[in-house]
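**Q** Have a look at the structure that comes next, please.
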Amino acid sequence: MRQLFLVASLLWLAAGTPPVQRVCQEGDDCSACTVERSVAGNCTDADQKAAFYYCNPRTKKINVESASFLECQNGTWKQAECPMSERHFSLATLNCTDPSKQKKI
């Protein structure tokens, strides 16, 4: 009887609690996650850079913009583009790079 009460209590608690969505990664279904940082969202660390994840409306999948990034300016995330000489934003270094000049591993 006590086990039944415990199971019923857990079910009631779970039903009243919205599911927590995880942070989006490239290739995720847009409806299955939350984009952690977005244009015009709040930020705290001035000049911090982050990858620009977005939901592709055609595929309904999360993509990463390879030629631009998000940068924290005055407490707000702003989209910034990499210069033509370095048209790729590196997720590893969080800087714009020229992929043709990167070391081969």
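**Q** Which of the residues belonging to segment 13-30 are open to solvent by less than 70 Å² (accessible area, probe 1.4 Å), at pLDDT 90 or above and either part of a loop (DSSP other than H, G, I, E, B) or of a type in the set (A, V, I, L, M) (or both)?
**A** Hits for segment 13-30 are V23, C24, G27, D28.
**Q** Then there is this: For segment 31-73, how many residues meet the condition of being of a type in the set (V, I, T), part of a loop (DSSP other than H, G, I, E, B) and modelled with pLDDT under 95?
**A** 3
**Q** Taking segment 57-90 only, how many residues are open to solvent by less than 90 Å² (accessible area, probe 1.4 Å) and either in contact (Cβ under 8 Å) with a residue 60 or more places away in the chain or out of contact with any Leu (no Cβ under 9 Å at 6 or more places or on another chain) (or both)?
**A** 22
The values are calculated or read from the model by the stated rules, or taken from the named source; none is laboratory data. Values in this document were obtained by computation on a predicted structure and should not be read as measured data. We place every Cβ from the backbone using ideal geometry, glycine too, and count neighbours over all the protein chains shown. Keep in mind that these areas ignore ligands, DNA and RNA; they rest on the heavy atoms of the full protein, side chains included. Shrake-Rupley method; radii C 1.70, N 1.55, O 1.52, S 1.80 Å.
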